[in-house]
1. If you check GLU29 against the conditions, is it over 19 Å from SER124 (Cβ atoms) and either of a type in the set (Asp, Glu) or without any contact (Cβ under 8 Å) to a residue 24 or more places away in the chain (or both)?
2. Take the range 98-126 and flag every residue that is assigned to a loop (DSSP other than H, G, I, E, B) and at pLDDT 80 or above.
3. Identify, by number, the condition in (1) within 16 Å of MET55 (Cα to Cα); (2) more than 13 Å from the chain's Cα centre (by Cα); (3) not charged (D, E, K, R) that GLY78 doesn't meet.
4. Name the single residue, out of those in the range 1-20 being part of a strand (DSSP E or B) and either out of contact with any Gly (no Cβ under 7 Å at 6 or more places or on another chain) or open to solvent by less than 40 Å² (accessible area, probe 1.4 Å) (or both), that is nearest to SER53 (Cα to Cα).
5. Collect the residues in the range 27-72 that are hydrophobic (A, V, I, L, M, F, W, C) and not in a helix (DSSP H, G or I), keeping them in residue-number order.
6. So, in the range 32-77, how many residues would count as being in contact (Cβ under 8 Å) with a residue 24 or more places away in the chain, open to solvent by less than 50 Å² (accessible area, probe 1.4 Å) and over 26 Å from TRP14 (Cα atoms)?
7. Which one is least open to solvent (accessible area, probe 1.4 Å) among residues in the range 129-148 that are touching a Phe, Trp or Tyr at 6+ places or on another chain (Cβ under 9 Å) and closer than 19 Å to PHE89 by Cβ?
8. Only one of VAL16, VAL33, VAL62 is modelled with pLDDT under 90 and among the aliphatic types (A, V, I, L, M); which?
Amino acid sequence: LTMGDRPAGRGWDWLVQEARDARFTLIGEEHGVAETAQLSAALFNALRESGYSRMAVELSPVIAEDIEAAARRNGLQGVVDFLNAPGTFTFYNLREEAQFVVDVVKTPPGNERILSGFDREIFSDRYLISKLDAKVPQGARQAFTRLQDASAKAWARYEQDPIGDNMFLLAEDPALVSAVRA
């Protein structure tokens, strides 16, 4: 298998054939490797005619939906703008990874969603909380304010001491989030 503008070679042909014969194809990767993003996009597009129409990605469901919408709205620049929005961070911050999203969602059948997020949200709680703000019913406003405050305090701690244990998802009581759902 060789990587140029696109994958090629006997290894590529074998990989495409094996994936065509499978119901699912899983690509394990290390974040930040450009070739993995390029290979994944090329493989997905090569498999569309075999019935591959969705891609599960290591993003939360909401972030996957929003990053796909950004890619459809404005291509690569849309993804870049989304990733630079206040309070967002994903592992798709390399140019090749952002391009991967664009390449995968650019030719969907009809207007179907392509990306399905299946991960928890680690980094973008501030973004997600801001999306909820206008939708919070009056009866939940006090709990929602506690959630906002806890997120702000956790990120302030993280800025002072940037270790994972100070990140909101890892530092705060899970009961705080479930109180907002009530």
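The values are calculated or read from the model by the stated rules, or taken from the named source; none is laboratory data. Keep in mind that what you see is a predicted model, and the values were worked out from it rather than measured. A quick note on method: Cβ atoms are made from the backbone with ideal geometry, for glycine too, and the neighbour counts reach across all protein chains shown. Heads up: the accessible areas ignore ligands, DNA and RNA and are worked out on the full protein's heavy atoms, side chains in. Shrake-Rupley method; radii C 1.70, N 1.55, O 1.52, S 1.80 Å.
1. Working: over 19 Å from SER124 (Cβ atoms): yes; either of a type in the set (Asp, Glu) or without any contact (Cβ under 8 Å) to a residue 24 or more places away in the chain (or both): yes.
Against the criterion (over 19 Å from SER124 (Cβ atoms) and either of a type in the set (Asp, Glu) or without any contact (Cβ under 8 Å) to a residue 24 or more places away in the chain (or both)), GLU29 qualifies.
2. Kept after step one, since they are assigned to a loop (DSSP other than H, G, I, E, B), are these residues of the range 98-126: 106-114, 118-124.
Selection gives LYS106, GLU112, ARG113, ILE114, PHE118, ASP119, PHE123, SER124.
3. (1)
4. Of all residues in the range 1-20, those part of a strand (DSSP E or B) come to 2-3, 7-8.
Okay, now just the ones that are also either out of contact with any Gly (no Cβ under 7 Å at 6 or more places or on another chain) or open to solvent by less than 40 Å² (accessible area, probe 1.4 Å) (or both), so 3, 7-8.
Numbers: MET3: 24, PRO7: 20, ALA8: 22 Å.
By that ranking, first place goes to PRO7.
5. ILE27, VAL33, MET55, ALA56, VAL57, LEU59
6. Counting residues in the range 32-77 that are in contact (Cβ under 8 Å) with a residue 24 or more places away in the chain, open to solvent by less than 50 Å² (accessible area, probe 1.4 Å) and over 26 Å from TRP14 (Cα atoms) gives 8.
7. In this case the residue turns out to be ILE129.
8. Values: VAL16 fails: modelled with pLDDT under 90; VAL62 fails: modelled with pLDDT under 90.
Unique residue meeting the criteria: VAL33.
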